[in-house]
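Below is one structure, written out as structure tokens; the observations come after it.
What follows is calculated from the coordinates using simple rules that are stated; it is not laboratory data. Predicted model only: the values in this text are computed from it and were never measured. So basically every Cβ, Gly included, is an ideal-geometry build from the backbone, and we count neighbours across all protein chains shown.
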Amino acid sequence: MKPVPEYSTVRPGLFHWHRYEPAVKCDCSSMAIVTPAGLIFIDPIPLADEALKELVAESFSAPAAVVLTSGNHQRESLSLAKRFGIPVFAPADAGDDIIADQHFRSGDPVAGMESIDLPGFGPGETGFLHEGALIFGDALINLEPEGLRLLPEKYREDKKKSLRSLAALKGLKAQILFFAHGNPIIQNAGSRLAGCLATAIAE
């Protein structure tokens, strides 16, 4: 994938960048977030060198880790980790194809964030929550023209298990929603998430 030329600052310490990727025929998104552990890159796709330097400077925090949400998102993690001398964290159930320095059990704290186990969507699927920012890998997507929705059933490992795992998202106080596929949702994030979950469960 070609490097993305620029990133956006969603709020201080919270950054996002994305690009359409012909190989997977959809938009791929990444983010970086400042936590007590430092600057954490999540599911990173390539970011242009100058933009990456600017992001790190703007974060006022040292790069600390690369975190993957699932076994489907190795992406640019290894080169980014090598550049900054930081570890790659991946879910324990991500699968043998994922290369990581450390593995975590979904539900345990990871790099200063709360992790949320979301089985049924993909290998090791994990969400993350930190200071109102709720981050999804593949479980929820926000792609046009459909907008916010669950990962289509044909891409899930287990439909019933995926629907049961949504219970972990109820009651979370989300102010911003981030996705590995699609633009963030900044306005009315909590109510939009609740509506999406209600519709999915009703189906």
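Points to keep in mind about this one:
- Each pair of Cα atoms in region 1-57 enters the Kirkwood radius, and Stokes-Einstein at 20 °C and 1.002 mPa s then converts it into a translational diffusion coefficient of 183 µm²/s.
- Model label zone, Arg149; criterion: amide N under 15 Å from point 7 Å along Cα-to-beta-carbon; scope region 6-38: 26-27
- Each Cα pair under 8 Å and six or more residues apart adds its sequence gap; the mean of these over the residue count of the chain is a relative contact order of 15 percent.
- Among beta bridges from DSSP that stay inside the chain, the antiparallel ones total about 65%.
- Surrounding net charge for Val10, when Lys and Arg each add one and Asp and Glu each subtract one, Cβ distance under 14 Å: -2
- Added length on full extension, which subtracts the Cα-Cα distance from 0.36 nm per residue, Arg11 to Ala168: 54.0 nm
- Relative to the current alpha-carbon distance between Ile201 and Glu21, full extension at 0.36 nm per residue lengthens the span by 61.8 nm.
- Of the beta bridges in region 2-72, as assigned by DSSP with both residues counted there, near 75 percent are antiparallel.
- Per principal axis, descending, Cα span of the chain in whole Å: 46, 36, 35
- Computed about its Cα centre, the charge dipole of region 8-202 is approximately 520 debye, with only Lys, Arg, Asp and Glu carrying charge at their Cβ.
- Fully extended contour minus Cα-Cα distance, from Leu78 to Met1, at 0.36 nm per residue: 26.3 nm
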